[in-house]
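Comments concern the structure below.
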Amino acid sequence: MFTTLIIQDDATFRQLLKEGLRVRFPVMVVDEARNVGEALQAIKSVLPDLIFVDVRLQGENGFDLVRRIKSDHSRVPVFILTDYDLDEYREAARRSGADHFLVKAAWSWDEVTGLVKSLLPRTSTSTAVPAQQV
């Protein structure tokens, strides 16, 4: 079972991402966290196979959280989500250990689907629903 954790304080965006992943990857379990505390508890409870982290979170920025995650779980892919396509954010994401940098206003489901498919075990990729059918 492939598990994804979305760490995002914006409930609307979190729900859109969650539903989009569920539609495209029906066998994927998608958990969510609104803040750092919930995220750390979720990671401790069930280590996800993929994590999406927003840059701006209450109490801590996403880059710091990515560093914490990567220090304990270096093999878990982490995708940074942001509203800001800034060179300094891209550099901070790289330094934090994030595997991908996604700008919310510019990303596409084709891009996200392709990235997620590349992480799924080979036996699970046949369960992905093509973006054109969604």
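Would a scan of the stretch 93-109 turn up a residue that is among the β-branched types (Val, Ile, Thr), in contact (Cβ under 8 Å) with a residue 12 or more places away in the chain and assigned to a loop (DSSP other than H, G, I, E, B)?
Of the stretch 93-109, the ones among the β-branched types (Val, Ile, Thr) are 103.
Cutting the leftovers down to in contact (Cβ under 8 Å) with a residue 12 or more places away in the chain gives us 103.
After this cut, where a residue has to be assigned to a loop (DSSP other than H, G, I, E, B) as well, the list is none.
No, there is no match, as no residue in the stretch 93-109 is among the β-branched types (Val, Ile, Thr), in contact (Cβ under 8 Å) with a residue 12 or more places away in the chain and assigned to a loop (DSSP other than H, G, I, E, B).
Yes or no: the stretch 63-81 includes at least one residue that is charged (D, E, K, R) and within 23 Å of residue 109 (Cα to Cα). Write out each step before concluding.
Pass one, the stretch 63-81, residues charged (D, E, K, R): 64, 67-68, 70, 72, 75.
Still in the running and within 23 Å of residue 109 (Cα to Cα): none.
Within the stretch 63-81 (the criterion being charged (D, E, K, R) and within 23 Å of residue 109 (Cα to Cα)), the answer is no, since none of the residues qualifies.
Per the listing 23, 116, 30, 76, the residue uniquely in a strand (DSSP E or B) and β-branched (Val, Ile, Thr) is 30.
Is it the case, given these coordinates, that residue 13 is of a type in the set (A, V, I, L, M, F, W, C), surrounded by fewer than 21 Cβ atoms within 10 Å (Cβ to Cβ) and within 28 Å of residue 91 (Cβ to Cβ)? Spell out how you get there, then give the answer.
Numbers: of a type in the set (A, V, I, L, M, F, W, C): yes; surrounded by fewer than 21 Cβ atoms within 10 Å (Cβ to Cβ): yes; within 28 Å of residue 91 (Cβ to Cβ): yes.
The answer is yes for residue 13.
It is to be established whether one or more residues within the stretch 38-48 are aliphatic (A, V, I, L, M), touching a residue at least 40 places away in the same chain (Cβ under 8 Å), in contact with a Leu (Cβ under 7 Å, 6 or more places away or on another chain) and buried (at least 17 other Cβ atoms within 10 Å of the Cβ). No. Filtering the stretch 40-65 to residues that are in a loop (DSSP other than H, G, I, E, B) and within 14 Å of the chain's Cα centre (by Cα) leaves 47, 48, 49, 55.
When you go through 47, 40 one by one, which is the residue that is touching a His at 6+ places or on another chain (Cβ under 9 Å) and of a type outside the set (Gly, Ala, Ser)?
Working: 40 fails: touching a His at 6+ places or on another chain (Cβ under 9 Å).
Criteria check complete, one pass: 47.
When 92, 131 are checked against the criterion of being within 21 Å of residue 70 (Cα to Cα) and either modelled with pLDDT of 90 or more or not basic (Lys, Arg) (or both), a single residue qualifies: 92.
Being more than 21 Å from residue 117 (Cβ to Cβ) and in contact with a Leu (Cβ under 9 Å, 6 or more places away or on another chain) is a property that holds for residue 69.
Tallying residues that are within 22 Å of residue 97 (Cβ to Cβ), in contact (Cβ under 8 Å) with a residue 40 or more places away in the chain and among the charged types (D, E, K, R) within the stretch 1-37 yields 1. For the stretch 52-61, indicate whether the set of residues that are of a type in the set (Asp, Glu), buried (at least 19 other Cβ atoms within 10 Å of the Cβ) and under 23 Å from residue 118 (Cβ atoms) is non-empty. Yes; the residues of the stretch 52-61 include at least one that is of a type in the set (Asp, Glu), buried (at least 19 other Cβ atoms within 10 Å of the Cβ) and under 23 Å from residue 118 (Cβ atoms).
The values are calculated or read from the model by the stated rules, or taken from the named source; none is laboratory data. The model shown is predicted, which means the values in this text are computed figures rather than measured ones. With ideal geometry, Cβ positions are generated from the backbone for all residues, glycine too; neighbour counts draw on all protein chains shown.
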